[in-house]
Structures are given as C-alpha cells and as structure tokens.
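Here's the structure we're looking at; comments come further down.
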Amino acid sequence: MVTVASLFLTAPALADTHKFTVKNNGGHQIDRVYLSPISSRKWGPDQMGDDVISPGQSQTWDVETDCEIDVKIVYHDGTVKEKDDVDTCKYDLVMDY
C-alpha cells in the first residue's frame, strides 16, 4: 500500500492552463515569440501569428505547459534573444532590447 501511495506522490502533475505575458520595454518591435518546454530541443510554433509587440506594449497568452519554459524572441531587425528556464507561473518576461 505504501508503494502505491508513493507512486502517486512522485508522478508528474498535469500542466494547467495559465497566463504568460511578454512585455516589450525596449525600443525594438518584437515580431516572433517561440516557446519550448525546458526538456525539449525544439521550439514550438510562433505565438505571434500576424501580431507584433511594439515598444512599450505587451502580449498575453493562455499556455498549457509546465511553469518553466524556454522562450525565444525575434525582433523586427532580426536580433534573436533566448531566455532559459523562465517561470511563467510566477513572472512576466520583460524584454529590454
């Protein structure tokens, strides 16, 4: 009986949907945002679609993933910034390029 209980306690929790916001506090437009679980080597699809995040603006998504993810930001001028292990349950991502 103890073995069964410990199996349930150590099983990974299912990811809940939560809000995640990218704030653009810099002077360059953000064109693309990619998310990836920290356990993956591949980026998910672009989250922006036809939208952009202008300087001083932000964008919020409902995401169904674990709290800690990697984020890749692509600016209008082609500059790429990657942030690893972002805790999307506790913090917004603030970009200042």
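The values are calculated or read from the model by the stated rules, or taken from the named source; none is laboratory data. Keep in mind it's a predicted model, so treat the numbers as computed, not measured. Methodologically, a virtual Cβ is constructed for each residue, glycine included, from the backbone with ideal geometry; neighbour enumeration extends over all protein chains shown.
If you scan the stretch 51-70, which residues turn out to be part of a loop (DSSP other than H, G, I, E, B) and at pLDDT 95 or above?
Of the stretch 51-70, the ones part of a loop (DSSP other than H, G, I, E, B) are 51-52, 54-57, 65-67.
Of everything in the stretch 51-70, those that are part of a loop (DSSP other than H, G, I, E, B) and at pLDDT 95 or above turn out to be Asp51, Val52, Ser54, Pro55, Gly56, Gln57.
Could you look through the stretch 1-40, keep only residues that are under 18 Å from Lys83 (Cα atoms), among the hydroxyl-bearing types (Ser, Thr, Tyr) and in contact with a strand residue (DSSP E or B) (Cβ under 9 Å, 6 or more places away or on another chain), and pick out the one that is modelled with the lowest pLDDT? Steps first, please.
So in the stretch 1-40, the residues under 18 Å from Lys83 (Cα atoms) come out as 19-26, 28-40.
Next cut, among the hydroxyl-bearing types (Ser, Thr, Tyr) only: 21, 34, 36, 39-40.
Still in the list and also in contact with a strand residue (DSSP E or B) (Cβ under 9 Å, 6 or more places away or on another chain): 21, 34, 36, 40.
Working: Thr21: 96, Tyr34: 97, Ser36: 93, Ser40: 90.
If we take residues in the stretch 1-40 being under 18 Å from Lys83 (Cα atoms), among the hydroxyl-bearing types (Ser, Thr, Tyr) and in contact with a strand residue (DSSP E or B) (Cβ under 9 Å, 6 or more places away or on another chain), then Ser40 is modelled with the lowest pLDDT.
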Notebook entry, point to check: Which ones in the stretch 34-50 are surrounded by fewer than 16 Cβ atoms within 10 Å (Cβ to Cβ), touching an Asp or Glu at 6+ places or on another chain (Cβ under 9 Å) and assigned to a loop (DSSP other than H, G, I, E, B)?
Noted result: Ile38, Ser39, Ser40, Trp43
Checklist line | Lone unmet requirement of (1) among the acidic types (Asp, Glu); (2) surrounded by 13 or more Cβ atoms within 10 Å (Cβ to Cβ); (3) free of Cβ contacts under 8 Å to residues at least 40 places away in the same chain for Asp92 | finding: (3)
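Within the stretch 84-97, how many residues turn out to be within 14 Å of Tyr34 (Cβ to Cβ) and within 9 Å of the chain's Cα centre (by Cα)?
Initial filter on the stretch 84-97 (within 14 Å of Tyr34 (Cβ to Cβ)): 84, 86, 88, 93, 95.
Within this subset, residues satisfying the condition of being within 9 Å of the chain's Cα centre (by Cα) are 86, 88, 93.
So the count comes out to 3.
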Item checked: Residue check for Asp87: closer than 17 Å to Asp16 by Cα, acidic (Asp, Glu) and either free of Cβ contacts under 8 Å to residues at least 12 places away in the same chain or out of contact with any Lys or Arg (no Cβ under 7 Å at 6 or more places or on another chain) (or both) -> yes
Margin query: Can you pull out every residue in the stretch 72-94 that is under 18 Å from Gly44 (Cβ atoms) and either assigned to a loop (DSSP other than H, G, I, E, B) or not β-branched (Val, Ile, Thr) (or both)?
Written below: Lys72, Lys81, Glu82, Lys83, Asp84, Asp85, Asp87, Thr88, Cys89, Leu93
Next item on the list: Find the residue count for the stretch 53-80, including only residues that are surrounded by fewer than 16 Cβ atoms within 10 Å (Cβ to Cβ) and either within 13 Å of Met95 (Cβ to Cβ) or of a type in the set (D, E, K, R) (or both).
Entry: 11
Next item on the list: Note down all Cβ pairs under 6 Å where the first residue falls in the stretch 49-73 and is farther than 22 Å from Asp96 by Cα, the second is hydrophobic (A, V, I, L, M, F, W, C) and surrounded by 16 or more Cβ atoms within 10 Å (Cβ to Cβ), and they're at least six residues apart or on different chains.
Entry: Val63/Phe20
